[in-house]
Amino acid sequence: MKLSSPDYKGMDEAQAGADFRKRLDNYERAYQTLDEEDEEDVIQYCKLINVGKKVIAYNIQGYLAGQCIFYLMNFNLTPRSIWLTRHGESLDNLVGKIGGDAPLSPKGKRYGACLSRFIKFQRQENERIRTLEAETGTAMTPQKEKTVAVWTSMLTRTKETVEEFDPKEYDIKHMRFLNEIYAGICEGLSYTEIERRYPKEFEARRINKLFYRYPGMGGESYLDVIQRLNPLIIELERMTSDLLIVTHRVVLRILLSYLMDIDRSKMPNMEVQLHTLYCVEPKPHGTVVRRFKWCEELDWFIEEVDG
Ligand code: F6P
């Protein structure tokens, strides 16, 4: 695995191995091992051995420290693809209404159908590559057969987007965590109507979208949605299978900014268009993100390359 590190890119294997061993010697000289016996009760630490195979937590105190241990215990480096998209176009999208529980438009349904064919194709491709790697012995980590989990919100538009996925082939789950931000008294309105009816609210949200909470029963802010996504993110880190998440604009912004390490202040204005599919692959030395756009004419996904 170390050979895939950017430090050893293009370097001869034996030379890289020797360099890495020298590096370990230097670490041993420069650092002091943390041992229970050595410490007074002021130091808290957590040791992760072999990427979480063994976890040692010492003198952990407080909620946040406990949460960090919990997070690290669920972390894994199994090569996998996390696919993420918003639902297909809904009838509310066509008239610019936010929230609600509208069904898909005919175009949105076509997107869902193409998504199921594209993910199936990707699965077959991955399987082919894995078999090849197993046969040639070039796999970085032991390869297992991959299942694909499919998660949607509880709303009609995401459920309809995965209607063409065969439940015998995919482990499909619908969960409330993935629902769109709830806009309280603004549910079902367009942005123009919100500005006209509630100008002060409109301005407050424009000034601070991250903190702004929609008024009315159950109204949420971006921060509220981040909070409700915490358990889902732990599950995401724990999973070793491939995963497709079909959700909504706000949730997708939050998940992508978490996975791509995008600053929280930039997140509420990130562009995440309909009919765009992201593929995130966590790797030991950084995350690889690819973006595919649905081409309606070709009825297929085309990878977009920045720059
Ligand atoms: O318009 C679709 C939608 O998902 C709404 O349901 C939601 O309120 C909105 O996007 C969120 O986007 P923004 O935070 O940019 O208003």
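The values are calculated or read from the model by the stated rules, or taken from the named source; none is laboratory data. Here the structure is a predicted model, which means the values were calculated and not measured. Using ideal geometry, Cβ is built from the backbone for each residue, glycine included, and neighbour counts are taken over all protein chains shown. These area figures cover heavy atoms from the full protein model, side chains too; ligands, DNA and RNA do not enter into them. Shrake-Rupley method; radii C 1.70, N 1.55, O 1.52, S 1.80 Å.
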Practice problem: Could I have the simple spin-label model distance between Tyr63 and Arg23, label points 7 Å from Cα toward Cβ, reported in nm to one decimal? | Solution: 3.8 nm
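In the chain, what % of DSSP beta bridges are antiparallel (nearest 5)?
60 percent
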Practice problem: Report the charge-dipole magnitude of the chain in Debye, nearest 20, computed about the Cα centre from +1 at each Lys and Arg Cβ and -1 at each Asp and Glu Cβ. | Solution: 780 debye
Quiz item: Given the rule -39500 (n - 2.57) for each run of at least 4 DSSP H residues, summed and divided by the residues of the chain, what is its mean residue ellipticity at 222 nm, to the nearest 500 deg cm²/dmol?
Solution: -12000 deg cm²/dmol
Practice problem: Multiply the residue separation of Leu77 and Leu210 by 0.36 nm, subtract the distance between their alpha-carbon atoms, and state the gained length in nm to one decimal. | Solution: 44.8 nm
Quiz item: How compact and how long is the range 148-307, expressed as Rg and Dmax of its alpha-carbon atoms in Å?
Solution: 16.9, 50
Practice problem: With an 8 Å cut-off on Cα pairs and a minimum separation of 6 or more residues, tell me the relative contact order of the chain in percent. | Solution: 23 percent
Self-check item: Amide H partners (placed H, <5 Å) of His275, local residues excluded
Solution: Arg86
Quiz prompt | Spin-label pair Lys54/Lys200, simplified geometry with 7 Å Cα→Cβ offset, distance in nm | solution = 6.1 nm
Practice problem: Could you work out the local net charge near Arg86, counting Lys and Arg as +1, Asp and Glu as -1, over the other residues with Cβ closer than 12 Å to its Cβ? | Solution: 0
Quiz item: Say the dipole of the chain comes from +1 at the beta carbon of Lys and Arg and -1 at that of Asp and Glu; which of Thr287, Gln67, Tyr212 then lies farthest toward its positive end?
Solution: Tyr212
Quiz prompt | Anchor Lys120: lysines whose Cα lies under 23 Å away (excluding residues fewer than 8 positions away in-chain) | solution = Lys107, Lys109, Lys144, Lys146, Lys159, Lys168, Lys173, Lys283, Lys293
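Counting pairs of Cα atoms in the range 2-73, how many percent are more than 15 Å apart?
68 percent
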Quiz item: Between Ala149 and Thr136, how many nm apart are label points set 7 Å from Cα along the C-beta direction?
Solution: 3.1 nm
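For the range 59-179, what mean projected area does the convex hull of the alpha carbons give, in nm²?
10.9 nm²
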Quiz item: Which order, highest average first, do 100-108, 264-272 follow once you tally other Cβ atoms within 10 Å for each residue and take the mean per peptide?
Solution: 100-108, 264-272
Quiz item: chymotrypsin sites (Phe, Trp or Tyr not before Pro) within the range 1-70: which are DSSP loop residues with at most 12 other Cβ atoms inside 10 Å?
Solution: Tyr31
Quiz item: Hull surface divided by four, with the convex hull built on the Cα atoms of the chain: how many nm²?
Solution: 20.8 nm²
Quiz item: Which is farthest toward the positive dipole end of the range 82-304 among Pro199, Gly99, Val246, measuring Cα position about the Cα centre, with Cβ charges +1 (Lys, Arg) and -1 (Asp, Glu)?
Solution: Pro199
Practice problem: Roll a 1.4 angstrom probe over the protein heavy atoms and tell me the percent of accessible area of the range 82-304 that is carbon or sulfur. | Solution: 53 percent
Quiz prompt | Phi-based couplings in Hz for the range 13-22 (Karplus 6.51, -1.76, 1.60; Gly and Pro marked x) | solution = 4, 5, 5, 4, x, 5, 5, 5, 5, 5
Quiz item: Classify the range 1-124: rounded, prolate or oblate, from the alpha-carbon gyration tensor (a ≥ b ≥ c, eigenvalue square roots; a/c under 1.5 rounded; otherwise prolate if a/b is larger than b/c)?
Solution: oblate
Quiz item: Expressed as a whole number of Å, what is the distance separating the alpha-carbon centroids of the range 12-49 and the range 239-281?
Solution: 35 Å
Quiz item: Sorting Cys46, Cys68 by accessible area (1.4 Å probe), largest first, what list results?
Solution: Cys68, Cys46
Exercise. List, in order, the whole-Hz ³J(HN,Hα) value for each residue of the range 222-235 obtained from phi through the Karplus relation with A = 6.51, B = -1.76, C = 1.60 and θ = phi - 60°; use x for Gly and Pro.
Key: 4, 4, 4, 5, 4, 4, 6, 8, 3, x, 5, 5, 4, 5
Self-check item: Mean Cβ neighbour count within 10 Å, used as a protection proxy, ranking 80-93, 288-301 highest first
Solution: 80-93, 288-301
Quiz prompt | For the range 90-100, Karplus couplings with θ = phi - 60° (6.51, -1.76, 1.60), whole Hz, Gly/Pro x | solution = 9, 5, 5, 4, 5, 10, x, 8, 9, x, x
Practice problem: With a 1.4 Å probe and every protein chain left in place, work out the accessible area per residue of the chain in Å², rounded to a whole number. | Solution: 59 Å²
